[in-house]
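The values are calculated or read from the model by the stated rules, or taken from the named source; none is laboratory data. Just so you know, these numbers come straight off a predicted model, no measurement behind them. When we count neighbours, we look across all protein chains shown, and the Cβ atoms used for this are built from the backbone with ideal geometry, even at glycine. Quick note on the areas: whole protein, heavy atoms, side chains included, nothing else; ligands and nucleic acids left out. Shrake-Rupley method; radii C 1.70, N 1.55, O 1.52, S 1.80 Å.
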Amino acid sequence: MSENKVTTTLDVKGLNCPLPILKTKKAINEIKISENIKVIATDPGSVNDFQAWIESTGHELVESTEENGIFRYLIKKTK
Amino acid sequence: MSEKKKKIAIIASKANLADAYPPFILASTAAAMDYEVSIFFTFFGLNLLKKKGLKKVKITPVGETAMPKPIPQIVGIIPGMTDIATTMMKNWMKKANVVSLEELRELSIEAGVKMIACQMTMDVMKVKKEELIDEIEVGGAATFLQFASEADITLYI
């Protein structure tokens, strides 16, 4: 059973590349391993950017959704 | 955790608006992606390390035919047009919520990006170390090459 409790929510709506990634990195440094962070963004480029960031950092993208131009990412800190 | 960190080495050699952004954008992002990052600032790129240098970063309309709102080339040579074009461009960037160079440089430093000022350029352009931001190292070609030889990505901007 994976616990998808959101520890922190990060709102980066309106922000453009590379800020959503930079702010997510900062925020993930603040939480503990296996805690989750929810990121809310409007940058359409963030879909690919978060995928790449996840692959590079090794954290887990638990969920990625899009609704009316709002992108939500649920990320689990793995290390 | 045990895996080796990837490395990226960047040379920043220019200081106009279009060329000043990529080194800082890529460096700060790479650091956020857990890369070890070094930028070597040489020639005009050295301006990007000056405490007041980022104010001098401009866009020159002469030769730049792809402005969002094109400026006729002949108009570009009128005194003051560089400042006007720069202000226009910065306003468009602000409207698109693009981060300022100052903030981007700050974020890069905070993320642990290593910045190396080219000693030879400092001598040529008579730049004193006190004019540069504190968080830098001074070095030469060998310093950069040593790091670049181990880098996964090397970029000349």
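Worth a mention:
- Radius 11 Å from Cβ of A:Ile75, net charge of other residues (Lys, Arg +1; Asp, Glu -1): +2
- Partner shielding of B:94-101 amounts to 3, given as the average count of beta-carbon atoms from other chains within 10 Å of each residue beta-carbon.
- Straight Cα distances below 22 angstrom link B:Lys128 to the lysines B:Lys14, B:Lys50, B:Lys51, B:Lys52, B:Lys55, B:Lys56, B:Lys114, with same-chain residues fewer than 8 positions distant left out.
- For the Cα trace of chain B, dividing Rg by the Kirkwood Rh returns an Rg/Rh value of 1.01.
- Computed magnitude of the charge dipole of the range B:35-140 (debye, nearest 20; Cβ of K, R +1, Cβ of D, E -1): 460
- Other protein chain C-beta atoms within 10 Å of residue C-beta, averaged over B:25-35: 5.
- Rounded to the nearest 20, the size of the Cβ-charge dipole of the range A:6-76 about its Cα centre is 240 debye, with Lys and Arg at +1 and Asp and Glu at -1.
- Spin-label model, B:Glu130 to B:Val62: label points 7 Å out along the Cα-to-beta-carbon direction sit 3.5 nm apart.
- Percent carbon-and-sulfur accessible area, the range B:31-157, ignoring ligands, DNA and RNA, probe 1.4 Å: 60
- Protein heavy-atom surface of chain A, 1.4 angstrom probe: 46% of the accessible area is carbon and sulfur, with nucleic acids and ligands not counted.
- Sum of -39500 (n - 2.57) over DSSP H runs of 4+, divided by residues of chain B (222 nm, nearest 500): -11000 deg cm²/dmol
- Taking the centroid of alpha carbons for each part, the range B:25-86 and chain A are 30 Å apart.
- A Förster radius of 25 Å combined with the Cβ-Cβ distance from B:Ile74 to A:Cys17 puts the calculated FRET efficiency at roughly 0.10.
- Heavy-atom accessible area per residue - the range B:1-74, 1.4 Å, Å²: 50
- Interface burial for A against B (accessible surface, 1.4 Å probe, total of both chains, Å², rounded to 100): 1300
- Summarised in one figure, the compactness ratio Rg/Rh of chain A, Cα atoms and Kirkwood Rh, is 0.93.
- For the range B:72-121, a crude dipole built from +1 on the beta carbon of Lys and Arg and -1 on the beta carbon of Asp and Glu, taken about the Cα centre, is about 140 debye to the nearest 20.
- Cα-Cα pairs of the protein assembly as shown separated by more than 21 Å (percent): 62
- Straight-distance candidates among the lysines for linking to A:Lys76, with alpha-carbon spacing under 18 Å and chain neighbours fewer than 8 residues away dropped: A:Lys5, A:Lys23, A:Lys25, A:Lys26, A:Lys32, A:Lys38.
- Note on the range B:26-73: the alpha carbon radius of gyration divided by the globular reference 2.2 N^0.38 Å gives 1.60.
- Summarised in one figure, the compactness ratio Rg/Rh of the range B:1-83, Cα atoms and Kirkwood Rh, is 1.13.
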